[in-house]
Amino acid sequence: MTSSSRPRTDRQFSWIWTVVILLLLLIRLPSLVQPAGGDQGLYGYAGQRILAGDVMYRDMWDQKPPAIAVVYAVLWRIWPAESMVPAADLAAAGVVAFLLVALGRLRYTTTVGAGAAVIFLLFGDPYLQRLSGIYVRGQCEPFIAAAVITSLVLLAQRVRRRWHLVAAGVALGVASWLKYNAAAYALPVAVAAWAWRDDTKRVPWADWSWIAAGFLALAAVVIGYFAANGALYDLRLATIDYNLRYSNETYGGWTHVLRYLVTFPIERARVDPIWFLAGVGTLLLLPQAPRKGAVLVVLAWLAAAALSIAINGSRSLPNYFVQANPALALAASAGLATLARRGIGIRIAVAALLVAGLWRVGADEPIRGWRFASMPGLFANIRFDLQYVRGTIDRDTYLARFQGQKHDALENERLVRHVRASTSPDDSIYVFGFSGGSVCWKSERTSASRFFWSRPVIVGLAAGQPGYGVAGLLEDLQRRRPTLVALQKEEWRSQEFFMSQEPLRTWLETGYELQHETPVFSVWRAKP
């Protein structure tokens, strides 16, 4: 090939990669009709209340750090509809794919970056997950992934200025204020700052200091805001005390923590093709790690993702693993790219491993013992959404599919319809259960208590402190009497708990009458 024809070929390949990436984004468009998951309803309601002037934790309580509620407040301002959740998830995926391409061009190759974007979009598609991915779309983790790769791309610049370092620290801070366990990504950020120095003779301490300055500046702003609004203690109880308790519930000591940290990537590789591909890619990269800084960054990114997941606890909830997808995709693409320099024997062996593995790896139901990298599940989920888009199934039939132990999309929407029909926008309501946020958010009604979901009350978080526990909930309900009360019958047995607490039961039975029962809710109306 002549030198004049090579650029033309590169451009042709760039167009091919671009078309494939756009097609992989387009196949996610049917997800825009999906209902939001239960967690996303909590974020949506918190975002609504922020727009109304309320302060997180003081006026409405959630266990997550405040960034996800701020994200949802911005989204609701831009697009006040439930479809904002899958739309934001799609946008985050597009940002990550674009930044993977950019990172490849800066520190790997164009092919590695584009290949990583394709692997990320195909094998990280939420449609591969159970119930078409409503439990993972719009969670904290897609935004964490976008923030972390933003930090790495800033550090990968060939000519790196001081503002790149500070901005990288701010991006890492954003990830950490989405979930504190994302602070683990300080590891790949630090490695990238060291490995990608434009002057290899310069010690990295100065660069690390500027990154830390950006991180701490954001932290100072957030902490200062809550201190000024008298919510610093509530912030600590909700996002530190509660989450330590939540995570520790799943572990039986440090031995269990270490065992989970070592074993869960292997378990994921058995059911999730992106983890399987990353495992193969990592094995191919390991021999190059001692002499290539770019490989060290990938390995550090993978290690941090595993640590961040383990800090969440060993519940292995599907959204926990989403944050790792960009790192997994880059490891897979970079590792497989090394085959171009390997012998024919290695290539044949890896090809055979990939074919055999991807036929067996997958989370969907096997077809004659084969799982086909979960592709049948992806196509079935897309087809179901398209049936609703075309009008071949009605709304209730469509929503009936999205049902779990804590979240029932159809029953939630029926309650939302009832709330809208039987209360005015100025009325407050109260839902004791996991779905309180979803119902208040979609009906655009205010919760009578800051505890708009039940678990902090059920587990007795800070029950001896003013404003917390059963006593704190009762104070809220007495201060802002709700027009309608719904008790949820879900995995946590919220209704059973509420009625077992004599002060709460007496308050309810004295001032309310049972209006109707559904399989998921008992609905009470205030007496005239």
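The values are calculated or read from the model by the stated rules, or taken from the named source; none is laboratory data. Everything numeric here is computed off the predicted structure, so don't read it as measured data. We place every Cβ from the backbone using ideal geometry, glycine too, and count neighbours over all the protein chains shown. SASA here: full protein model, heavy atoms, side chains in, ligands and nucleic acids out. Shrake-Rupley method; radii C 1.70, N 1.55, O 1.52, S 1.80 Å.
For a test of the definition: using alpha carbon positions, the gyration tensor, and the 1.5 limit on a/c, classify segment 357-466 as rounded, prolate or oblate.
It is oblate, given that a/c is not under 1.5 and a/b is not larger than b/c.
Lysine pairs, Cα distance under 21 Å, 8 or more residues apart or cross-chain: how many in the chain?
7
Mind putting a number on the dipole of the chain about its Cα centre? Charges go on the C-beta only, +1 for Lys and Arg and -1 for Asp and Glu, and I need it in Debye to the nearest 20.
Here the chain has a charge dipole of around 2060 debye.
For segment 360-505, with every protein chain kept in place, what is the accessible area per residue (1.4 Å probe, Å²)?
44
Tell me the label-point distance for the pair TRP205, VAL389, using the 7 Å Cα-to-Cβ offset, in nm and rounded to one decimal.
Spacing of the two 7 Å Cα→Cβ label points: 5.7 nm.
If you average 1/r across every pair of different Cα atoms in segment 89-187 and take the reciprocal, what Kirkwood value do you get, in Å?
The Cα-based Kirkwood calculation yields 14.1 Å.
Taking square-rooted eigenvalues a ≥ b ≥ c of the alpha carbon gyration tensor, is segment 428-524 rounded, prolate or oblate, where a/c under 1.5 means rounded and, failing that, a/b exceeding b/c means prolate?
rounded
How large is the Kirkwood hydrodynamic radius of segment 205-281, in angstrom, based on all distinct alpha carbon pairs?
About 16.4 Å, per the Kirkwood formula over Cα pairs.
Could you tell me how many degrees, from 0 to 90 and to the nearest 10, lie between the Cα long axis of helix 409-422 and the main elongation axis, the longest principal axis, of the Cα atoms of the chain?
With rounding to tens, the tilt is 40 degrees.
If you look at just the Cα atoms of segment 257-411, how large are its Rg and its Dmax in Å?
18.9, 59
Extending each Cα 7 Å along its Cβ direction at TYR246 and ALA91, get the distance between those two points in nm, one decimal.
Spacing of the two 7 Å Cα→Cβ label points: 2.4 nm.
Accessible area of the chain with a 1.4 Å probe: how many percent of it is carbon plus sulfur?
After summing per-atom areas, the C and S share lands at 63 percent.
Assuming 0.36 nm per residue, please report the length gained on full extension of the stretch ASP198 to LEU26 beyond their Cα-Cα distance.
Once the chain is fully extended between ASP198 and LEU26, it gains 58.1 nm.
Using helices alone, I'd like the mean residue ellipticity at 222 nm for the chain: each DSSP H run of four-plus residues gives -39500 (n - 2.57), total over residue count, nearest 500.
-19500 deg cm²/dmol
With a 1.4 Å probe and every protein chain left in place, work out the accessible area per residue of segment 200-323 in Å², rounded to a whole number.
Per residue, segment 200-323 has 49 Å² of solvent-accessible surface.
What does the extension gain come out to for ARG341 and ARG130, with contour length at 0.36 nm per residue minus their alpha carbon separation?
Gain in length upon complete extension: 72.1 nm.
So what does log10 I(q)/I(0) come out to for segment 192-240 at q = 0.24, 0.32 Å⁻¹, using the Debye formula with one equal point on every Cα and no solvent?
The calculated log intensity ratios at q = 0.24, 0.32 Å⁻¹ are -0.83, -1.09.
If each of SER316 and ILE16 carries a label point 7 Å out from its Cα toward its Cβ, how far apart are those two points in nm?
The two pseudo-label positions are separated by 3.8 nm.
Averaged over all directions, how much area does the convex hull of the C-alpha atoms of segment 398-437 cover when projected, in nm²?
3.1
Of all the C-alpha pairs in the chain, what % are more than 44 Å from each other?
In whole percent, the share of Cα-Cα pairs in the chain beyond 44 Å is 20.
Give, in nm to one decimal, the length gained when the segment between LYS527 and ILE78 is fully stretched (0.36 nm per residue of separation minus the Cα-Cα distance).
157.8 nm
Work out Dmax and Rg for segment 28-160 from the C-alpha atoms and quote the Rg first, both in angstrom.
16.4, 50
Take the Cβ-Cβ distance between LEU353 and LEU258 as r, set R0 to 25 Å, and report the resulting FRET efficiency rounded to the nearest 0.05.
In this case the efficiency is close to 0.35.
Explain nothing, just the number: relative contact order of the chain, from Cα pairs under 8 Å at least 6 residues apart, as a whole percent.
Reported as a whole number, the value is 16 percent.
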